[in-house]
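See structure below.
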Amino acid sequence: MSLVSTGFLLFLLAGVIVYYIIPKKMQWVWLLVLSCFYYLCSGYKTIIFIITTTIVTYFAGVFLNKENERIKNIPAQADRSEKKKIKEDVKRRKKLIVALLLVIIFGILAVIKYHTFAIENINAVICVFTGKYDTIPTFKLLLPLGISFYTFQSAGYIIDVYRDKYECCNNIFKFALFVSFFPQIMQGPIGRYDRLSPQFNEPHYFSLENTEYGLQLMLWGFFKKIVIADRIGVVADKVFLHPYDYNGIFVIVGVLAYCLQLYADFSGGMDVVSGAAELYGIRLDKNFRQPFFSKSIGEFWRRWHITLGTWMKDYIFYPVTLSKTNMKLGRWAKKHLSPHLGQVMPTAFALFFVWLANGIWHGAAWKYVAYGMYYYVLTLFGLLFKPMIFLFYKKTGIQKDSRPWEFFLILRTFILVNIGMLLFRADSLPVFAGMFVSMFRKTTGHWLELGLDVHDLAVLAAGTLLMLVVGILREEGICIRERIASLPIIWRWMIYAGAFCAIVLLGAYGSGYGVVDPLYANF
């Protein structure tokens, strides 16, 4: 059931009506029913995978909670050696439980999403030594809806319980709701149990303000998705599906078009699902914060797909950084190389796994591995040359917070991000290399071949300008939602009606367009 379908809107409307009619203590049950129905509509054949992940994660959490209780209930009269033995035994059992759980749920993800990629590479290695092709046959598996998102969400939950950050969920059906909550199952955000669970458990009363705020977000999301993303996607597809037919400025236009498409599509989808959740009184974590105003790559990833970045930081970066092996590496580098490298190497070591995981998370292809390594190299460059950058500012006297210099940094970051977008969207690494080189060749092609007419270009220009203005206002700390909500009711609903009409009249419908599912549903 696509987020941009009439069926989804009717489903959402019926769900909200029943939600506020039934007894408050049954609201979470109704959300679970809606989530199960939504997931079944996406393909009942794959439901076994999310059920398996839910069940094994739930019971792993219960076992971990029992082990945590053993630590808390150590008899006061026990001597030091006995206490130490109990703690070591609990720690060993907890590690075993977490390891088994992560192997199971990430094993399911790996088999379903990455088996073909792994087999193809094994066959390539065998072919080098034996000359035989397709030694190991590949097979097709259906890709479950949101498997990357609910797997990461479940893994985060079990690690938090292992760390005794909070107690485990004691109701398997409530935990199933946390894993499968329908607004976020397709493309996130990756939720945290301690922020979502209390909202599921508390009673929610119908609020005109919540409804209005939710509809605001949904309208803005639909506008970005249907009016802008699906329209500019025509240009991106023209260039990337025929990479050898265009050179020069047309390749650059194609990359910029894809960058705009992905942002409008993904952030628009986030607005739709966040607005849908608000209709039920549930607030999801924010996933975007004006990423194209970033002045560095690190800042960009703190503003883009925020929940994925924080997941990587909490469950990969910090554990690797604080591991004994990594700490020893830092001490060795400080002693034998330099104090600066002693600080950088532990961070660099941990960031390697973060960016490798980031790349692989997005897909099963070498281009995604290269995508992660591209950002790793950029981040590593910033770490290694930090003293030189500091010296540069000192020698030149450039004010880092001056408007012209900030604009330069934003432009530089934007260019680097778009090179990453080219790598992300190209069909393969050779295609990426060819398109990158072709950007510097003489321009060949014609504007009319890109599939948009003057009307489309005018709509895109106006829509993109509107997004830019909204971004600038948000960057300045102006909450547009509150400003609109504070207007007299007539003006408010005139704005909502205008937004609705703009979506209906200016949406990319009909021949040559075709509204598509959110792009990140594929990841």
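The values are calculated or read from the model by the stated rules, or taken from the named source; none is laboratory data. All values reported here derive from a predicted model rather than from experimental measurement. Note that we place each Cβ from the backbone using ideal geometry, even for glycine, and neighbour counts take in every protein chain shown. Accessible surface areas use protein heavy atoms only, side chains included; no ligands, DNA or RNA. Shrake-Rupley method; radii C 1.70, N 1.55, O 1.52, S 1.80 Å.
The label-point distance for Lys313 and Ala497, in a model that sets each label 7 Å from Cα toward Cβ, rounds to 4.4 nm.
Backbone amide hydrogens, once placed in the peptide plane, bring Asn247 within less than 5 Å of Thr444, excluding anything fewer than 5 places away on its chain. Across region 453-470, computed HN-Hα scalar couplings (Karplus, 6.51 cos²θ - 1.76 cosθ + 1.60, θ = phi - 60°) run 9, 4, 4, 4, 5, 5, 4, 4, 4, 5, x, 5, 4, 4, 4, 5, 4, 4 Hz from first to last residue, x flagging Gly and Pro.
For the chain, the solvent-accessible area works out to 51 Å² per residue, with a probe of 1.4 Å and every protein chain left in place.
Put Phe317, Phe385 in order of accessible area, highest first, and with a 1.4 Å probe you get Phe385, Phe317. Approximating the spin labels as points 7 Å out from Cα along Cα→Cβ, the Ser2-to-Val111 distance works out to 3.2 nm. Kindly state, to the nearest 0.05, the FRET efficiency for Val504 paired with Leu473, given R0 = 25 Å and r defined as their beta-carbon distance. According to the calculation, E is roughly 0.50.
Annotation: amide H-H contacts under 5 Å for Phe288 (H modelled 1.01 Å from N, sequence separation of 5 or more, or interchain): Ile306.
Roughly speaking, to the nearest percent, how much of the chain's 1.4 Å accessible area is carbon and sulfur? Summing carbon and sulfur atoms, their accessible area is 68 percent of the total for the chain.
For the pair Lys24 and Thr464, what calculated FRET efficiency results from E = 1/(1 + (r/R0)^6), where r is the Cβ-Cβ distance and R0 = 45 Å, to the nearest 0.05?
According to the calculation, E is roughly 0.55.
Taking θ as phi - 60° and the Karplus parameters 6.51, -1.76 and 1.60, the scalar couplings of region 3-18 work out to 5, 9, 10, 5, x, 5, 5, 5, 4, 5, 4, 4, x, 5, 4, 5 Hz in sequence order, x denoting glycine and proline.
Surface listing: Thr325, Thr211, Thr151 arranged by accessible area from highest to lowest gives Thr325, Thr211, Thr151, probe 1.4 Å.
When a/c reaches 1.5 or more, the comparison of a/b and b/c decides; with that in mind, is region 86-166 rounded, prolate or oblate per its Cα gyration tensor? Verdict is oblate for region 86-166. Simple spin-label estimate for Arg481 and Trp405 gives 3.6 nm between the two label positions (7 Å along the Cα-to-Cβ direction from each Cα). Pairs exceeding a 25 Å alpha-carbon distance, out of Lys84/Lys324; Lys132/Lys238; Lys84/Lys174; Lys335/Lys386; Lys95/Lys165: Lys132/Lys238; Lys84/Lys174. With every protein chain in place and a 1.4 angstrom probe, the accessible-area ranking of Cys501, Cys127, largest first, reads Cys501, Cys127. In straight Cα distance, which aspartates and glutamates are under 19 Å from Lys94, not counting same-chain residues fewer than 8 positions off? Hits, sequence-local ones excluded: Glu67, Glu69, Glu82, Asp160, Asp164, Glu167, Asp314.
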